[in-house]
1. Please give the contour-minus-distance gain from K35 to L137: 0.36 nm per residue of separation, less the Cα-Cα distance, rounded to one decimal in nm.
2. Run the simple label-point estimate for D118 and L70 please: 7 Å along Cα→C-beta, distance reported in nm.
3. For the cross-link pairs K42/K100; K24/K116; K32/K100; K24/K100; K42/K109, which exceed 29 Å when the distance is taken from alpha carbon to alpha carbon?
4. Taking θ as phi - 60°, what are the ³J(HN,Hα) couplings along the range 38-44 by the Karplus curve (6.51, -1.76, 1.60), each to the nearest whole Hz, with x for Gly and Pro?
5. Full-extension gain between S145 and N87, please, as 0.36 nm times their residue separation minus the C-alpha to C-alpha distance.
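Here, each number is a calculation from the coordinates, and none is a lab measurement. Being a predicted model, the structure only gives us computed values, none of them experimental. Backbone-built Cβ (ideal geometry, glycine too); neighbour counts: all protein chains shown.
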Amino acid sequence: MDSILIYAQARAEGLSISIAEGGKLVVAGEPKLYKKWIPLIKASKESIIEYILLFNERSFSQAPKTRFLLDLMNLGISQKHAFAIENRVRRKKLDFDDRKLCYECSNLKGAPGRWKCDNPIAADIISDSRDNALGDLLIMLHRCSGFRGN
Ligand code: SF4
């Protein structure tokens, strides 16, 4: 399963996933949910952290470069991958990359496996299934005229 889907589905079911001060990935929620999702979250930890840093907790990346890298490596992320994450976070800010994911939009409705757009006309969604299903668009960065921040 795609790491962004793991992150989104686990959160949709009620788990809280965040990065605490000092860079620790914190997962909390009902024991049953925790037990179900923690192996998948652990297996995709690096990608989930990257996603959170890029889209949900940009202020975390305001830390000086060295501390940011050390925080990432303290999470068990390899030096090579930490440099790559740091570079992407900085580049995104420098490039003023304004692309979004549907996960960041309040028009995203539905549930895992059946996500759909609640604003298909403004978003210019053409769906074969006639239910505004998002398909691959769900995990693609894009610019959307129907986007509405949460
Ligand atoms: S409005 Fe755009 S960004 Fe929002 S859910 Fe629909 S397609 Fe995704």
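1. Going from the current span to full extension adds 33.8 nm.
2. Between D118 and L70, the label points sit 4.4 nm apart.
3. K24/K116; K32/K100
4. So the Karplus estimates, Gly and Pro as x, are 4, x, 5, 5, 4, 5, 10 Hz.
5. 18.1 nm
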